[in-house]
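The values are calculated or read from the model by the stated rules, or taken from the named source; none is laboratory data. Since the model is a prediction, treat every value here as computed from it, not as a measurement. Methodologically, a virtual Cβ is constructed for each residue, glycine included, from the backbone with ideal geometry; neighbour enumeration extends over all protein chains shown.
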Amino acid sequence: MYKENKIAVVVPTYNEERLIGETLSGIPKYVDKVYVIDDSSTDKTSEIVKKFAKKDPRVIYTRHEKNKGVGAAIVSGYKKALEDGIDIAAVMAGDNQMDPEELPKLLDPIIEGRADYTKGNRLFGYEYVRNMSRFRYTGNIALTFLTKMASGYWHLMDPQNGYTAISKKCLETINLDSIYPGFGYPNDLLVKLNFHSFRVLDVPIPARYGREKSYIKYRKYIVKVAWLLLKDFFWRLKWKYLALSFHPLVFFYIVGILLLFMGFFGGLYSLYYKFVLGGSLFIRGVLSLLFFIIGVQMFLFAMLFDMQEERRNGKY
């Protein structure tokens, strides 16, 4: 136990025979349960974990017979944590990226009642991201903005960070089966947490890269997660600000988006009308620019309302 709380660590793993042993060896003694969820590995991961389980009764091995994705593996671990009455469930990847010495930084805010869900932040400063590739950093920044907009947690950074801790209350409230099963699970989970008005806290934790092997195809991944976040954005607006209550930010968001599209495509047509058809640019160009400017203003007002709503509800 840690400060009178039962702690579990969920370890999603897929073909991590090189590093799963180091990961399990580093998990602190105060952790009560270690749920290793093997997402249908084809290497010696299962053999290594089973050997650890014989020495350490805390280690519980579960295998997915079919590869379901890292999100699905974590959900399997969360369900086991609920069954065992765990107070806080943390996630540490099987590739030894997450420093176990940093785990108390994630646990303490939940125990102290300052947060319901905590997550690492590798983008806190240069010394935190200097080991991150430029492409990975740029993609993370782009997905950070999209996740802010989709989830409504405007104070958060580095939503792709998988080093997290979640309270029992969150696990009991959220429909775990609705969480996205693939690599976009942390972004999707943030949207679900916001819908239920849970408090989420960023915790600065440096990136630790070494011999791990990433299975993410970043170009495809960024497009897929961006599409997921777009759907999540409209889902949150529909259910949180229309179905369960009404907030004017929905109007500002929708009208702002429509005007932005009208201004952008109207501008393209104005250029076509001028340079291809030989017509006048002035009237069409001015109207398109006006639509675009008003759209930007309304979109910014909607973002401001969204930020104020989170502050009013005390999410951070």
Problem set entry | Cβ pairs under 6 Å, 6+ apart, first in the range 82-93 and within 15 Å of Ala115 (Cβ to Cβ), second at pLDDT 95 or above and of a type in the set (D, E, K, R) | Asp87/Lys6; Asp87/Lys168
Exercise. For the range 14-37, which residues satisfy the criterion of being hydroxyl-bearing (Ser, Thr, Tyr) and farther than 18 Å from Leu103 by Cβ?
Worked result: Tyr14
Exercise. In the range 158-170, which residues are over 9 Å from the mean Cα position of the chain (by Cα) and crowded, with 18+ Cβ neighbours inside 10 Å?
Worked result: Tyr163, Thr164, Ala165, Ile166, Ser167, Lys168, Cys170
Exercise. Which of the residues belonging to the range 73-87 are over 18 Å from the mean Cα position of the chain (by Cα) and surrounded by 23 or more Cβ atoms within 10 Å (Cβ to Cβ)?
Worked result: Ala81, Ile86
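So is Lys68 in contact (Cβ under 8 Å) with a residue 12 or more places away in the chain and part of a loop (DSSP other than H, G, I, E, B) or not? Don't jump to the end; show me each part of the working.
On the way: in contact (Cβ under 8 Å) with a residue 12 or more places away in the chain: yes; part of a loop (DSSP other than H, G, I, E, B): yes.
The answer is yes for Lys68.
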For this session: For the range 47-57, state whether one or more residues are in contact (Cβ under 8 Å) with a residue 24 or more places away in the chain and within 23 Å of the chain's Cα centre (by Cα).
Result: no
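Residues are listed down the side, and each one gets a yes or a no for (1) under 17 Å from Val91 (Cα atoms); (2) surrounded by 16 or more Cβ atoms within 10 Å (Cβ to Cβ):
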{"residue": "Leu193", "(1), (2)": "yes, yes"}
{"residue": "Phe198", "(1), (2)": "no, yes"}
{"residue": "Arg236", "(1), (2)": "no, yes"}
{"residue": "Ile254", "(1), (2)": "no, no"}
Problem set entry | Contacts under 6 angstrom Cβ, first residue in the range 283-304 being touching a residue at least 24 places away in the same chain (Cβ under 8 Å) and assigned to a helix (DSSP H, G or I), partner hydroxyl-bearing (Ser, Thr, Tyr) and surrounded by 14 or more Cβ atoms within 10 Å (Cβ to Cβ), 6 or more apart | Ser288/Ser270; Ala302/Tyr253
Exercise. Looking only at the range 178-191, which residues are part of a helix (DSSP H, G or I) and crowded, with 21+ Cβ neighbours inside 10 Å?
Worked result: Tyr185, Pro186, Asn187, Asp188, Leu189, Leu190, Val191
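Look at Leu260 and say whether it is farther than 30 Å from Tyr117 by Cβ, in a helix (DSSP H, G or I) and at pLDDT 95 or above. It would help to see each step written out before you state the result.
Working: farther than 30 Å from Tyr117 by Cβ: yes; in a helix (DSSP H, G or I): yes; at pLDDT 95 or above: yes.
So Leu260 passes the test.
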Exercise. Restricting the range 85-119 to residues that are in contact with a strand residue (DSSP E or B) (Cβ under 6 Å, 6 or more places away or on another chain) and small (Gly, Ala, Ser), which is nearest to Gly69 (Cα to Cα)?
Worked result: Gly94
Problem set entry | Residue within the range 266-286 that is within 24 Å of Met149 (Cβ to Cβ) and within 30 Å of the chain's Cα centre (by Cα) present | no
Exercise. Among all residue pairs at least 6 apart or on different chains, which show Cβ distances below 7 Å where the first residue, located in the range 247-260, is over 14 Å from Gln297 (Cβ atoms) and the second is assigned to a helix (DSSP H, G or I) and aliphatic (A, V, I, L, M)?
Worked result: Val250/Leu237; Val250/Leu242
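Of everything in the range 48-65 that's β-branched (Val, Ile, Thr) and assigned to a helix (DSSP H, G or I), which residue is farthest from Ser167 (Cα to Cα)? Give the derivation first.
Of all residues in the range 48-65, those β-branched (Val, Ile, Thr) come to 48-49, 59-60, 62.
Filter once more, so that each one left must be assigned to a helix (DSSP H, G or I): 48-49.
Details: Ile48: 29, Val49: 26 Å.
Filtering first and then ranking leaves Ile48.
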